[in-house]
Amino acid sequence: MDFRFTPEEEAFRKEVGEFLDRELTPGACEKFNSYNWEPETREFLRRLGERGWLCPSWPPEYGGIGASHMQRYILTGELVYRGGPYGGIGTAMAGPVIIMFGSDEQKSEYLPRIARAEIEFALGYTEPQAGSDLAALEIRAVEDGDYYIMNGQKVFNTCCHYADYHWLGARTGIDPNVPKHRGISLFIVDMKSPGITIRPLYVMGGWRTNEVFYDNVRVPKKNLVGQLNRGFYHIAVALDLERSGPATGSQRHFEELADYVKQIPRLAKDPRVRQKLAELATEVEVAHLLAHRVAWMTSQEIVPNYEASALKLFHSELNQRLANAGMQILGLYGQLQEGSKWAPLDGMAEWRYRDSVVYTIFAGTSEVQRNIIALRGLGMPRG
Ligand SMILES: Cc1cc2nc3c(=O)[nH]c(=O)nc-3n(C[C@H](O)[C@H](O)[C@H](O)COP(=O)(O)OP(=O)(O)OC[C@H]3O[C@@H](n4cnc5c(N)ncnc54)[C@H](O)[C@@H]3O)c2cc1C
């Protein structure tokens with residue numbers, strides 16, 4: 001078994017690394033941490049798009065270069081390792097689902113603009129009463145001629161304050177004899193539509209998510225993605241894609257901590273610190289292998305399902321273990337924030353500790369991932 005990249009993939013990784021060393025500015029990275037497409041971030045993403053690297057595995061007519069999924073994985077991995085913007089909802093979730101289930105009109109309208117970083121999407125699934133139980137969503141889409149009229153509320157919809165389109169799950173079927181997940185459809189909604197109100201919610205890590213209110217919003221019927229009342233299944237595919245990705249972010253996080261410890265003999269010689277770092281080094285390696293498996297499946301055109309859940313579960317919890325270890329190893333200094341001259345790692349340990357709290361909630365909680373693994377991976381009956 002050979003876990004290495006092929007010589008061609010390794011050459012591509014080198015080319016990507018050289019490009020990023022040259023082009024990825026600190027401004028484009030830092031601002032992405034606030035989950036906002038600031039001008040510098042957009043400009044960098046546009047430069048990636050010009051090379052066909054924002055959606056490399058898409059066909060050229062949609063703005064890609066027909067690259068392999070492994071090349072896309074390598075590119076994303078290098079970006080994440082450097083803390084860069086690695087595309088977003090359009091490139092990683094909405095775009096691939098439009099390719100699979102969208103109309104020809106939707107493909108030509110949205111895909112090239114996603115690949116050029118001209119537009120971004122925001123995920124519109126969760127509602128106050130429907131998070132883990134997504135099938136309970138209630139925002140209503142009622143037919144009216146060539147339109148659907150939408151009313152209801154979403155919550156925790158990140159990116160809505162700068163995205164151009166809402167990737168919206170809405171209720172189109174209310175037959176009590178049909179299971180509730182079979183009454184959901186998926187829509188693309190222009191965020192500038194009259195009747196949409198967005199209210200900010202800030203997370204502990206400092207970045208913004210939103211509440212979104214729909215008041216008689218008119219959405220053209222042509223904006224329905226895939227089949228009517230099959231939206232839950234299309235969203236499930238988008239969620240599997242959301243849970244896939246490289247583990248290079250935690251590798252970078254680990255390396256920063258280990259490199260810092262090596263500079264401080266008191267810490268580097270402490271057996272408890274050494275044991276903890278050795279344990280985490282092993283876990284980072286496990287995360288890589290889980291991520292490689294998911295990337296390989298995608299390269300074989302298999303949508304990863306419980307495998308993506310296993311990756312998301314392990315990786316999000318590993319990020320929290322890394323953040324906890326950072327706080328324990330750095331002691332009281334670890335609590336100092338960015339900007340303090342005494343803060344080790346320029347306050348990253350403190351920020352990561354706060355930021356990592358939500359990792360085990362968004363894109364499906366750890367409990368939900370465990371349920372998926374038990375049900376679809378181990379074939380256990382529903383509880
Ligand atoms: C920072 C952040 C960003 C987000 N961004 C987006 C976004 O862009 N778009 C979007 O649509 N949503 C987004 N979400 C919402 C996210 O997907 C939901 O918060 C998540 O699915 C959990 O739903 P909930 O908050 O309603 O919690 P609940 O579903 O009410 O869960 C509460 C607790 O019960 C547990 N639980 C629930 N059901 C089960 C079960 N069957 N078995 C075992 N335990 C269970 C959960 O694990 C959790 O611990 C975001 C959330 C956060 C925190």
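Odds and ends about this structure:
- Neighbours of V225, meaning other residues whose beta-carbon lies under 13 angstrom from its beta-carbon, give a summed charge of +1 when Lys and Arg score +1 and Asp and Glu score -1.
- Centroid-to-centroid, using Cα positions, the stretch 222-269 and the stretch 315-360 are 17 Å apart.
- Folded to 0 to 90 degrees: helix 248-263 orientation relative to the chain principal axis, Cα: 20
- Relative to the Cα centre, the charge distribution of the stretch 166-240, modelled as +1 at Lys and Arg Cβ and -1 at Asp and Glu Cβ, gives a dipole magnitude of about 160 debye.
- Here the extension length gained between R22 and E8 equals 2.9 nm, from 0.36 nm per residue of separation less the Cα-Cα distance.
- K222-E279 pseudo-label distance in nm [points 7 Å out on the Cα-to-Cβ vector]: 5.8
- Rough spin-label spacing in nm, given labels placed 7 Å along Cα→Cβ, for D270 and M100: 4.6
- Secondary-structure-derived ellipticity at 222 nm for the chain, considering helices only, amounts to -14000 deg cm²/dmol, per-run term -39500 (n - 2.57) for DSSP H runs with n ≥ 4.
- Within the same chain, lysines fewer than 8 places from K107 are excluded, and of the rest, those with a Cα less than 22 Å from its Cα are K192, K221, K222.
- Label point 7 Å beyond Cα of R182 along Cβ direction - residues of the stretch 129-165 with amide nitrogen under 18 Å: 134-137
- Simple point charges give the picture: +1 on the Cβ of Lys and Arg, -1 on the Cβ of Asp and Glu, and for the chain a dipole about the Cα centre of about 740 debye.
- For the chain, the residue among A170, V294, A310 whose Cα projects farthest onto the positive side of the dipole built from Cβ charges is A310.
- Segment W296-R376, extension gain: residue separation times 0.36 nm, minus the distance between their alpha carbons: 26.9 nm
- Springs between Cα atoms under 10 Å define the GNM used for the chain, and in it the highest mean-square fluctuation of L322, L20, L267 occurs at L267.
- A full extension of the chain between D146 and D215 corresponds to an added length of 23.0 nm, given 0.36 nm per residue minus the alpha carbon distance.
- The ellipsoid equivalent to the alpha-carbon distribution of the chain has semi-axes of 36, 23, 22 angstrom, derived from the gyration tensor eigenvalues as √(5λ) and listed largest first.
Computed from the coordinates by the stated procedures, all read-outs in this text should not be read as laboratory data. Keep in mind that this is a model prediction, so the values were computed, not measured. We place every Cβ from the backbone using ideal geometry, glycine too, and count neighbours over all the protein chains shown.
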